[in-house]
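First up is the structure itself, then whatever we jot down about it.
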Amino acid sequence: MSSVAAGTWLRPLRKFAKTPKGYALAGLILLTLVAGLSPQGHIGVIHAGLAVATAIVLDTVIARLLGRKLVVPAGGMITGLIVADVLSDLTSGLMVMLTVAIALASKHLLKRGRKPIFNPAALGLAISLASMSTAQSWWAAMPLLSWWHVALLLIVGVVVAVRTKKAWQVLAFLGTYFVEIWLLAIVPGITVATSTAGDALRTPFVNATLFLGFFMLTDPPTTPSRVREQIGFAVLVATVSVVIFWQIGGLAYLLVGLLVGNLWTAWQARRRKSHTGMKFSSETEVVAGSP
């Protein structure tokens, strides 16, 4: 009887583990735990636990209020982990939980159909930074750890990018970003607002870029599904990020670049839907007018 019950519980878990969300969640958990072994890393792990608990509670309450079927809120857990993995361990647990709440609220309030317009974690972090001056260290990207930690980030990130079918998108983003930053660094006479262009090619900026590319740029609901549009989206996000780093600096340039890309994706989807509706309407008129 116990083996039957265990099989009943394990079957959906195994099925979920093979989904894009399953891979993303597993990858984030692994990086969080490994980064948590560093000095002061335990604080980040505690914050991650608070963030995930907050996400589970809020998504469950919202599902009940909307009369939806109760399922494990994997999307909310991913959002919570990303928020906790980006915010510095100097940030209070309460601020982490509040940022997660803002992120999840944006997911349910700012939508196109059933899909969120913006990456919830990116918008929550941007609002938190702008309104509460929360510190961001991207500690789960392991900027202060050894080379093999970065290698682990790359391996896990590539697996997630492939499983979410966003590999070309990630490659286009990273390629465009690093080429444009390199050009800023070598072209004479170009000055960057708050630091040197070369800084963006060093830790912790590189780590943050890799983390965003692998775990935030690959969010299926807020990014294009077609490869051609994925590449355009990636180039746009990278270019906006680099321009903001060049002209303004600060900490939010990657987040703002991603949010601009999300807005472009929503606009593209709306334009496509409008075009399809007009085409269907004209075809209906032709059929109706046929003898």
Projected onto the charge dipole of the stretch 2-269 (unit charges on the beta-carbon of Lys, Arg, Asp and Glu, signs +1, +1, -1, -1), the Cα from Ser88, Ala252, Leu123 with the largest positive-side position is that of Leu123
One would report the Cα pair-distance distribution of the chain, bin width 5 Å, in %, as 1, 5, 11, 15, 17, 16, 13, 8, 5, 3, 2, 1, 1, 0, 0, 0
Here the gain from full extension of Leu110 to Arg226, 0.36 nm per residue of separation minus their alpha-carbon distance, amounts to 39.5 nm
Counting sequence-distant residues (5 or more places) and residues on other chains, those with an amide H built under 5 Å from that of Lys111 are Ile117
The whole-number value in µm²/s of the Stokes-Einstein translational diffusion coefficient for the stretch 16-146, with Rh from the Kirkwood sum over alpha carbon pairs at 25 °C and 0.890 mPa s, is 165
Rounded to whole angstrom, the alpha-carbon centroid of the stretch 156-188 lies from that of the stretch 233-269 at a distance of 13
Given a Förster distance of 22 Å, the FRET efficiency implied by the Cβ-Cβ spacing of Ile155 and Leu13, rounded to the nearest 0.05, works out to 0.40
Cβ-Cβ cut-off under 15 Å around Lys166, Lys and Arg +1, Asp and Glu -1: the net charge is +3
Expressed in nanometres to one decimal, the distance between label points 7 Å along Cα→Cβ at Ile62 and His42 is 3.3
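Bear in mind these aren't lab numbers, they're just calculated from the coordinates by the rules spelled out. Computed from a predicted model, the values in this text were never measured in an experiment. Cβ sites come from the backbone with ideal geometry, for glycine too, and all protein chains shown count toward neighbours.
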